[in-house]
1. In whole percent, what relative contact order does region 5-218 give with Cα contacts below 8 Å and a gap of six or more residues?
2. So which helices of the chain fit the span-like rule, where a helix is a whole DSSP H run, its Cα atoms reach 18 Å or more along the axis, and its mean Kyte-Doolittle is at least -1.0?
3. Which percent, to the nearest 5, of DSSP beta bridges fully inside the chain are antiparallel?
4. Shape of region 228-295 from its Cα gyration tensor (a ≥ b ≥ c, root eigenvalues): rounded if a/c is under 1.5, otherwise prolate when a/b > b/c, or oblate?
5. Give the separation of the Cα centroids, region 104-162 to region 27-73, in Å.
6. Label-point separation (nm) for SER293 and SER256, each offset 7 Å from Cα along Cα-to-Cβ?
7. Using a 1.4 Å probe on the protein heavy atoms, what percent of the accessible area of the chain belongs to carbon and sulfur?
8. What shape does region 195-314 have by the C-alpha gyration tensor, where a ≥ b ≥ c are the square roots of the eigenvalues, rounded means a/c under 1.5, and otherwise prolate means a/b greater than b/c and oblate the rest?
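The values are calculated or read from the model by the stated rules, or taken from the named source; none is laboratory data. Keep in mind it's a predicted model, so treat the numbers as computed, not measured. With ideal geometry, Cβ positions are generated from the backbone for all residues, glycine too; neighbour counts draw on all protein chains shown. Accessible surface areas use protein heavy atoms only, side chains included; no ligands, DNA or RNA. Shrake-Rupley method; radii C 1.70, N 1.55, O 1.52, S 1.80 Å.
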Amino acid sequence: MTSTYAVLSEGLEKRFGEVHALRGLDLAVPQGTVCGLLGPNGAGKTTALRLLTTLLRPDAGSARIAGHDLLRDPAAVRRRIGVTGQYASVDGELTGRQNLQLFARLHRVRGPAERAGELLDRFGLTEAADRPASTYSGGMRRRLDLAASLVRRPDVLFLDEPTTGLDPASRNRIWDAVRELTADGTTVLLTTQYLEEADQLADDIALMGQGRVAHTGSPAQFKAVIGARVEVVVTDPDFLVKTAAVLDQLTGAEPSFDHERRAVGAVTRDGTLTLPRLVRELDAAGVPLLDASIEPPTLDDVFLRLTQEEERAA
């Protein structure tokens with residue numbers, strides 16, 4: 001195992017009775033990068049994070065986190081990582097400042113008051129620093145929770161769906177904080193249900209399915225697997241089915257409907273499909289066209305296509 005990877009696992013397995021949650025997790029995250037760990041519910045993402053953060057012990061396999069063996073030296077691993085889960089770990093009765101000072105003392109950080117002040121400023125919480133955390137909005141509590149996980153300046157930060165339920169402004173502030181961390185050399189392993197989040201933040205994506213990593217690559221590489229997204233908007237909703245038939249013939253993919261917008265979409269791997277050809281085929285079919293486009297696919301498209309392929313192969 002090489003030290004160029006901040007997170008490196010080989011063949012991690014975990015069972016809960018009859019449930020085989022992880023079936024050989026192989027993961028390699030280079031230092032100073034963001035890895036997005038994606039997958040449908042039940043794919044094993046949360047179990048993977050609990051193993052890699054020493055909260056669970058694997059039944060088989062090995063891993064090194066920030067240069068330390070997960071099984072032989074879990075205490076050293078815990079000293080080098082930060083964890084932010086799906087639910088805030090801060091004490092609502094304490095102020096934001098008191099929460100961060102408490103975490104700093106627990107981690108034996110020198111100058112806990114100074115470190116708390118730095119983090120409050122970094123996460124835009126200075127004005128609310130002396131208010132009880134219970135009075136914070138959801139976005140503010142998530143920022144405070146993230147700040148608490150950074151009190152010790154971790155080498156590796158594990159984020160389990162950090163922006164779930166947040167409004168767009170709060171989500172953007174969390175994204176900015178993650179970008180600043182990686183710019184400073186911190187490695188981030190991120191699980192998320194938001195494909196846009198992975199597209200915005202991740203250098204690499206590991207798509208999980210059935211307890212193992214099924215596909216890896218950059219967001220751009222994932223999108224290249226699919227091809228392009230075709231969308232057609234019609235003037236008359238009675239022609240949606242006929243439009244879907246044309247797209248099915250051109251793309252070979254199952255079309256999706258947006259009845260509110262009178263739109264039909266599909267993803268194609270055919271790199272030769274052009275907009276003029278699309279319009280000609282629709283016109284030949286007598287479709288009353290309002291708009292048509294061919295755009296690069298989103299990660300949502302990729303996620304759905306690849307997970308459907310995994311399900312069919314199971």
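1. Computed value for region 5-218: 31 percent relative contact order.
2. Passing helices, by number: 168-183, 299-313.
3. Here the share of antiparallel DSSP bridges comes out near 70 percent.
4. prolate
5. Centre-to-centre distance over Cα atoms comes out at 24 Å.
6. 1.4 nm
7. Looking at the chain in its full context, I get 47 percent from C and S.
8. Prolate.
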